[in-house]
1. Looking at Ile244, Ile250 in this structure, which one is touching a strand residue (DSSP E or B) at 6+ places or on another chain (Cβ under 8 Å) and assigned to a loop (DSSP other than H, G, I, E, B)?
2. Using the structure shown, decide if Val261 is of a type in the set (A, V, I, L, M), in contact (Cβ under 8 Å) with a residue 40 or more places away in the chain and either assigned to a helix (DSSP H, G or I) or surrounded by fewer than 24 Cβ atoms within 10 Å (Cβ to Cβ) (or both).
3. Check Val86, Val75 and return the single one that is modelled with pLDDT of 95 or more, under 18 Å from the mean Cα position of the chain (by Cα), buried (at least 22 other Cβ atoms within 10 Å of the Cβ) and of a type in the set (Val, Ile, Thr).
4. List the helices (runs of 4 or more DSSP H) inside region 266-365, counting only whole elements, that have at least 2 residues being out of contact with any His (no Cβ under 6 Å at 6 or more places or on another chain), within 18 Å of Asp246 (Cα to Cα) and at pLDDT 95 or above.
5. Give region 274-325 a look and list any residue that's free of Cβ contacts under 8 Å to residues at least 24 places away in the same chain, among the small types (Gly, Ala, Ser) and touching a Ser or Thr at 6+ places or on another chain (Cβ under 9 Å), or say none.
6. Given the conditions (1) modelled with pLDDT of 95 or more; (2) over 24 Å from Val278 (Cβ atoms); (3) open to solvent by 30 Å² or more (accessible area, probe 1.4 Å), report the number of the one that Lys44 does not fulfil.
7. Can you list residue pairs whose Cβ atoms sit under 8 Å apart, with the first residue in region 65-82 being over 17 Å from Leu138 (Cα atoms) and charged (D, E, K, R) and the second being open to solvent by less than 80 Å² (accessible area, probe 1.4 Å) and part of a helix (DSSP H, G or I)? Count only pairs 6 or more apart in sequence or on different chains.
8. Going by the structure shown, is Arg103 more than 24 Å from the chain's Cα centre (by Cα), of a type in the set (Lys, Arg) and either assigned to a loop (DSSP other than H, G, I, E, B) or over 30 Å from Phe26 (Cβ atoms) (or both)?
Amino acid sequence: MTHATRPPDAIQQTVRWPDRRILDLFDISHPILLGPMAGAGTPKLAIAVGEAGGLASLPGAMYQPDELRAAIEAVRAGLPGRPLNVNFFCHTPPVPDPVRAMRWRTRLAPYYVEHGLDPQATPPAGGRAPFDATLCALVEETRPEVVSFHFGLPDPALLARVKATGAKVISSASTMAEAKWLEARGCDAIIAMGLEAGGHRPTFLGTDVAGDMAGDMSRQVGTFALVPQVADAVGVPVIAAGGIADARGIVAALALGASAVQVGTAFLLCPEAKIPAVHRAALEAAGDDSTALTNLFTGRPARGIMNRVMRDVGPLCADAPAFPLAGGALAPLRAAAEAEGRDDFTNLWAGQAARLAPRLPAADLTRKLAADALARLAPTA
């Protein structure tokens, strides 16, 4: 019998993961991390992945502190004795730019008129709070086993407080230079995130942070070129992310030097994820060329499925206010369109491999990814 027909339970009993560094570092059974996915990640999703042997993750960027505390308590209750990763953004809040904000509202004004909305109304503020002293105190109180960051790392004093809790610290890199920077500042592992990944690019060194998005995006590296170069450049374990939605991607990432993978988009299709119906429908219909990098929804480059506003305005627009302010003016349009069953103004975050993802509940998906990857790693018999 070959590994292709060997029962999954037998495979998991006889085959072991080739690199145990992440398993031992986080005390998990499978080298599969749930992508935190701000806005879509939920305690139920985290619990399901943790129960199945992966690393449970919660997004901290879009919660108020009390909401985040409640979410952490919910995961602790549903996942006793298992590790939890809580993720935070590390962006610097932008200085308001009234001229740029007015240009953006002028761009969107025809859509407001079309939907019977007042284009002169003050839009709501953009979401996504950066890691600060209040959130650091919450980490000290709740003591998650893993604390992860996006867009670099927080102020050294805050980072020292996080590490003093005993938490393992990880962050995302989109280049070798960023990976080396993270290692030099004490990260226990590094997520090498390729261009294929859905959601926000983690870039924090480079001109795209200041707004030169088109130039920097054209030089971004794909996952399977980035991972081996980062693995060669740093001494800490590497976690591959971007375009990994089935067992083939996991095995390929491990072969290229990753110790684990972070999976996001595949879990968006699980019933435990919190996304609107129009987003789920777009994911179900997505092909390999359905996504693009866009700054329209937040002001920072992120990969999502093309929709009306991306086609009309162009995926990247210099008029969009700096992160995270751009989304405020789109919020009333999004609400109006979604009420009519349309995704015209919704940020449809997705990676390039959505089509490959099995459609399963989160625990079943985690177990399937692990079992299928182990089957591919198993020698023929």
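The values are calculated or read from the model by the stated rules, or taken from the named source; none is laboratory data. Because the structure is a prediction, the values reported are computed rather than measured. Note that each Cβ is placed from the backbone with ideal geometry, even for glycine, and that neighbours are counted across all protein chains shown. For the accessible areas, the whole protein counts, side chains as well, though only heavy atoms, and no ligand, DNA or RNA atoms are used. Shrake-Rupley method; radii C 1.70, N 1.55, O 1.52, S 1.80 Å.
1. Numbers: Ile250 fails: assigned to a loop (DSSP other than H, G, I, E, B).
Residue meeting the stated conditions: Ile244.
2. Working: of a type in the set (A, V, I, L, M): yes; in contact (Cβ under 8 Å) with a residue 40 or more places away in the chain: yes; either assigned to a helix (DSSP H, G or I) or surrounded by fewer than 24 Cβ atoms within 10 Å (Cβ to Cβ) (or both): no.
Spelling it out, it is not the case that Val261 is of a type in the set (A, V, I, L, M), in contact (Cβ under 8 Å) with a residue 40 or more places away in the chain and either assigned to a helix (DSSP H, G or I) or surrounded by fewer than 24 Cβ atoms within 10 Å (Cβ to Cβ) (or both).
3. Details: Val75 fails: under 18 Å from the mean Cα position of the chain (by Cα).
After ruling out the rest, the residue left standing is Val86.
4. Details: elements: 277-285, 308-313, 327-339.
Helices (runs of 4 or more DSSP H) meeting the threshold: 277-285.
5. Gly314
6. (2)
7. Final answer for the pair search is Arg82/Gly50.
8. Yes.
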